[in-house]
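Taking it in order: structure first as structure tokens, then the write-up.
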Amino acid sequence: MHDFPLLVNITVALIAAVVGGLLARLVRLPTMVGYLLGGIVIGPFTPGYVSDMSTIKQLADLGIVFLMFGVGLHFSLQDLWMVRRIAFPGALLQMVILTPLVMLITTFLWGWSLSASLLVGLAVPLATSTVVMLRNLMDQGLLNTLPGKVTVGWLVLEDLLTVLVLVLIPAFSAHPSGSPLWQTISLALLKAVAFAAVMLLAGTHLIPGLLRWLSFTHSRELFIVATVVVTIGTAISAAAFFGVSLALGAFLAGAVINESMLSQQVEREILPFRETFTVLFFVSIGMLVNPLQMVGHIWEIFGLTAIIIAGKYALTLLFGIVFAWPARTTFVLAAGKAQIGEFSFILGETGVALGLLATAQYSVLLASAILTIILNPFLFRTLPWTEKQISKVPALWSRMNKLPVAALTDADAYHDHVVIIGYGRVGEHIIHLLGLLDVPRLVVELNVQRIQALATQHIPILYGDVASSDILSHAQVQRARAVVITIPDETASEIAVMRIRQISRGVPIIVRAVTQEGLQRLFALGATAVIQPELEGGLEIIQQTLLRLGFPNQEIREYTDRVRNDHYNIDTLTNAERHTLENIRAQKSNHD
């Protein structure tokens, strides 16, 4: 055992991560929490086996490299620019307000040093966990919606600001007492700019060109090895020749590759390395935690947790009111921002390594981050309730819904039309088909680019958000032949169905669901037909399979229709479904 220290430490760390991650998923927590707890178990502050910290630390550095490389691969200036009116003032103002607040509390109430207070103060507004945020957006069916896109854009800006902080932290620690601070900071920024210039000028041609050339060799292993070499090599070169952090080098390597046509393939091939070493990074963070030390700082942990959750949540809501952001976008941002994650660990670990942050202070930051991650999914579940409560305050509600409900057509003149909410791929198909059948239709959409595309086709449009405005009254849904809701935002769809039913009890509502639970809720709210694409695809596979096996077509369609009428419940057979299956089997036997 002692002859293989590296293998033993990797194995033990991964076992701890698997066990911890599994336990976390069983109680519906992010796996990151389990990895951190697994690190605490094998750390030096708990009884039992203790992994070698120096070995795990080097593996954790690889984790930071691959984690930042992945961030760079998803970095998009276009995404950031599209949501600049919300992301820029929101992120910058949150940093300007929260950083001094945290510094005042930690310095004067808790007696922390100025460097420790500044580091934690920057981590609170900037270190929102991308992993946790994306997971919650996906779980709520919000990732591809307007609020989801704004949230991702905000995260991109935060990532950029965090990278800048990582560049400046070493400058503060290495600042000579005889030279001005601005000179040290300027030198650090100059080095970072020089490295970025080299990457943008030479790296954008050299790295994608090398990977493209290797792809022509049709050797997957060569391509994978080259990708790993580019990731680690760029990070080490950044530190060795320009004196900047490994994190910045890896981030820029990912950003350079993101601009090439090979970015998707690179992400696919690097994924196992990124996931494995990122897990080891989280385990190494957990090993730094002293549970007894955390108990001694319990009030500081609760205080910092309250600042992160309540402070970021309240500030985001306040910004939404002041800047008149769309209500749905504001609520999703407020819930998603009320946590910190992996970047706080990177900032904290960097601070500890440079002597800017004591281990006890890092334990407070880490414990607070874990608590916010655990509590964050519950905030997302309160979104419908929060929106309902705010809507009862007319002054706030009208302020947060200043998006123009601008009609690009005379909606009052419409009757016997079909209202289509959402102009995605599904909505586009329906709109085109209704046009061919000469059925009057009216489209409700919030995306400006899609509205412009519809306007060029002379299709009647209403501009507005069904989840946060009175757009449905303008759409004359009480005079419509049907309402079709194709948006992927399940919560917004539920609000739309509820409001349509308040306006009209009889109009048919055909709506798209994202989850099985959402399907049941939509039916309960009064939807006429609810389509869950994944389940519908499963029924089509069943139908095509049985047809190829020679079973009668009419009875197969009768069976699938009965499953739809039973709200896709395939766990238990109704008497009608069982009777249909018996007919199918009997007719097949007679035919044979």
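Along each principal axis, taking the top coordinate minus the bottom one, the Cα set of region 260-352 gives 49, 44, 19 Å in descending order. Taken over region 6-117, the convex hull of the Cα atoms encloses 187 Å³ per residue. State the antiparallel share, in %, of DSSP beta bridges confined to the chain, rounding to the nearest 5. Around 10 percent antiparallel, to the nearest 5. Put in order of Cβ neighbour count within 10 Å, fewest first, the listed residues Leu437, Leu119, Leu252 become Leu437, Leu252, Leu119. Working from Cα pairs under 8 Å separated by at least six residues, relative contact order for the chain is 15 percent. Legend: ranking of residues Thr359, Thr386, Thr128 from fewest to most surrounding C-beta atoms inside 10 Å; resulting order Thr359, Thr386, Thr128. Per the helix-only calculation at 222 nm, which mean residue ellipticity applies to the chain, given -39500 (n - 2.57) for every DSSP H run of n ≥ 4 and division by its residues, nearest 500 deg cm²/dmol? Calculated at 222 nm, the ellipticity per residue is -22000 deg cm²/dmol. Overall size of the chain from C-alpha positions, given as principal axis extents largest first: 84, 65, 52 Å. In plain terms, if you count all Cα to Cα distances in region 193-313 and split them into 5 Å steps from zero, the share in each step is 2, 10, 15, 16, 13, 11, 9, 9, 7, 5, 2, 1 percent.
Between 0 and 90 degrees, the angle of helix 114-126 with respect to the longest Cα principal axis of the chain falls at about 20 degrees. The long axis of helix 575-591 is offset from the longest Cα principal axis of the chain by roughly 70 degrees. Scaled to the globular estimate 2.2 N^0.38 Å, the Cα spread of region 535-591, given as radius of gyration, is 1.06.
Between Arg505 and Ala358, full extension at 0.36 nm per residue minus the direct alpha carbon distance yields a gain of 46.6 nm. Extension gain for Ala324-Thr382 works out to 18.7 nm (0.36 nm per residue, less the C-alpha to C-alpha distance). Sketch the reach of a paramagnetic label on Thr515 as a point 7 Å from Cα along Cα-to-Cβ, and name the residues of region 324-343 whose backbone nitrogen lies under 17 Å away. Counting only backbone N, you get 332-333, 335-336.
Computed on the Cα atoms alone, the convex hull of region 58-390 gives a volume of 139 cubic angstrom per residue. Between Leu292 and Glu536, the modelled labels are 6.1 nm apart [label points 7 Å from Cα along Cα→Cβ]. Pairs of Lys residues in region 58-390 that lie 8 or more places apart, or on two chains, and have C-alpha atoms under 27 angstrom apart add up to 6. Compared with the dominant principal axis of the Cα atoms in the chain, helix 146-173 is inclined by about 0°. Applying 1/(1 + (r/R0)^6) with R0 = 45 Å to the Cβ-Cβ distance of Trp299 and Arg268, what FRET efficiency is obtained, to the nearest 0.05? FRET efficiency, Trp299 to Arg268: 0.45.
Short to long, the 5 Å bins of the Cα pair-distance histogram for region 463-573 hold 2, 11, 20, 19, 15, 11, 9, 6, 3, 1, 0 percent of all pairs.
Spacing of the modelled spin labels on Ala576 and Asp52, each 7 Å from Cα toward Cβ, amounts to 6.8 nm.
Of the residues His205, His567, His474, the one with the fewest other Cβ atoms within 10 Å heads the list, and the complete ranking is His205, His567, His474. Subtracting the Cα-Cα distance of Leu168 and Leu104 from 0.36 nm times their residue separation leaves 20.9 nm of extension gain.
All of the numbers you see were taken from the coordinates with simple rules; none came from a lab. Fair warning: this is a prediction, and the values are worked out from it, not measured in the lab. Glycine also receives a Cβ, built like all others from the backbone with ideal geometry; neighbour counts cover every protein chain displayed.
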